[in-house]
Amino acid sequence: MSLTFYFHPLSSYCQKVLIALYENDTPFDGQIVDLMSETGRADYLKLWPIGKMPLLRDEARNRLIPETSIIIEYLQRFYGGPTVFVPDDVEQALHVRLRDRFFDLYVSNPMQKIVTDKLRPAGQNDPAGVVDAKSQIETAYKLIDKEMATKVWACGEAFTLADCAAAPPLFYADKVLPFRDRYQHLAAYFERLQQRPSYARTLREAEPYMKMFPG
Ligand SMILES: N[C@@H](CCC(=O)N[C@@H](CS)C(=O)NCC(=O)O)C(=O)O
């Protein structure tokens, strides 16, 4: 097997890439990484000193690829299938990349801030940072809700990189700042994401680990 995917099933960014792998039935060996264990973290840091998951190793091309958006573009270029994550058209591609950045930076990262704050030892919390993160997500919800009033997927009719980026953080963001009763179009979009077989499978595989999710 040429591709090895280092990941954890519960991790939002890892799920983003799993969705892309499942969309095109791309064969890979999965290696679960436990960053909570001392040895798991030490081994992973040898691979990628930045220490962020996931990573893709491609034996055939002798490449180690970090960063989810780059991994998904890599998969499309070298292991492509029917789902095209970033369209060839330059303007459309820029739009998809913008929406991908939007979900990573303004939903995923603030969601992580809120969740990881719950894991910090007593006395090391950052209440002001959590308030800022919630405010950022709320603004993002409003913008997504407006966008999704007229769209099926994040960038229109086709499922893209932006939808891979959207589904996992929306799932966790809804747990820390619920949106389903407040934003009708966002809620309907998230429902469609959950019905998508690639994300449904990702969620199913995360289920046994869900008890590790704080609060
Ligand atoms: N920009 C990175 C973000 C990856 C990221 O934040 N991963 C989280 C898991 S969802 C992580 O590795 N957190 C562990 C840590 O920060 O120690 C990407 O897109 O790959």
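The values are calculated or read from the model by the stated rules, or taken from the named source; none is laboratory data. Remember, it's a predicted structure, so these values are computed and weren't measured experimentally. Cβ coordinates were reconstructed from backbone atoms using ideal geometry, including for glycine residues, and neighbour counts include every protein chain displayed.
When you check A149 against the structure, is it more than 16 Å from the ligand (Cβ to nearest atom), crowded, with 18+ Cβ neighbours inside 10 Å and of a type outside the set (F, W, Y), yes or no? Before you say what the answer is, go through the steps one by one.
On the way: more than 16 Å from the ligand (Cβ to nearest atom): yes; crowded, with 18+ Cβ neighbours inside 10 Å: no; of a type outside the set (F, W, Y): yes.
No: the conditions fail for A149.
Against the definition (touching a residue at least 40 places away in the same chain (Cβ under 8 Å), under 30 Å from W153 (Cβ atoms), part of a strand (DSSP E or B) and away from the ligand (no atom under 11 Å from the Cβ)), how does R97 come out, yes or no? Steps first, please.
On the way: touching a residue at least 40 places away in the same chain (Cβ under 8 Å): yes; under 30 Å from W153 (Cβ atoms): yes; part of a strand (DSSP E or B): no; away from the ligand (no atom under 11 Å from the Cβ): yes.
Answer is no for this residue.
Tell me, yes or no, whether the range 63-79 has at least one residue that is part of a loop (DSSP other than H, G, I, E, B) and either away from the ligand (no atom under 16 Å from the Cβ) or touching a helix residue (DSSP H, G or I) at 6+ places or on another chain (Cβ under 6 Å) (or both). Lay out the reasoning, then the answer.
So the first thing to find is which residues in the range 63-79 are part of a loop (DSSP other than H, G, I, E, B), and the list is 67.
Of the ones still in play, those that are also either away from the ligand (no atom under 16 Å from the Cβ) or touching a helix residue (DSSP H, G or I) at 6+ places or on another chain (Cβ under 6 Å) (or both) are none.
No; the residues of the range 63-79 include none that is part of a loop (DSSP other than H, G, I, E, B) and either away from the ligand (no atom under 16 Å from the Cβ) or touching a helix residue (DSSP H, G or I) at 6+ places or on another chain (Cβ under 6 Å) (or both).
Return the only residue of Q15, Q112 being within 9 Å of the ligand (Cβ to nearest atom), within 26 Å of L193 (Cα to Cα) and in the same structural domain as A165 (by TED's automatic domain parsing). Before you say what the answer is, go through the steps one by one.
Numbers: Q15 fails: in the same structural domain as A165 (by TED's automatic domain parsing).
It is Q112.
Out of A162, A166, A158, A188, I need the residue that is touching a residue at least 40 places away in the same chain (Cβ under 8 Å), in contact with a strand residue (DSSP E or B) (Cβ under 8 Å, 6 or more places away or on another chain) and either under 30 Å from D89 (Cα atoms) or part of a helix (DSSP H, G or I) (or both). Which one?
On the way: A166 fails: in contact with a strand residue (DSSP E or B) (Cβ under 8 Å, 6 or more places away or on another chain); A158 fails: in contact with a strand residue (DSSP E or B) (Cβ under 8 Å, 6 or more places away or on another chain); A188 fails: in contact with a strand residue (DSSP E or B) (Cβ under 8 Å, 6 or more places away or on another chain).
A162 is the lone residue from the list that is touching a residue at least 40 places away in the same chain (Cβ under 8 Å), in contact with a strand residue (DSSP E or B) (Cβ under 8 Å, 6 or more places away or on another chain) and either under 30 Å from D89 (Cα atoms) or part of a helix (DSSP H, G or I) (or both).
Could you list, in sequence order, all residues of the range 79-100 that are surrounded by fewer than 15 Cβ atoms within 10 Å (Cβ to Cβ) and out of contact with any Ser or Thr (no Cβ under 8 Å at 6 or more places or on another chain)? Show your work before the answer.
Narrowing the range 79-100 to residues surrounded by fewer than 15 Cβ atoms within 10 Å (Cβ to Cβ): 80-82, 88-91, 94, 98.
Across the range 79-100, the qualifying residues are G80, P82, D88, D89, V90, E91, L94, L98.
Looking at the range 108-146 only, could you name the residues that are of a type in the set (A, V, I, L, M) and buried (at least 16 other Cβ atoms within 10 Å of the Cβ)? Break it down into steps so the answer makes sense when it comes.
Restricting attention to the range 108-146, the residues satisfying the condition of being of a type in the set (A, V, I, L, M) are 111, 114-115, 119, 122, 128, 130-131, 133, 137, 140, 143-144.
M111, I114, V115, V130, A133, I137, A140, I144, listed by residue number.
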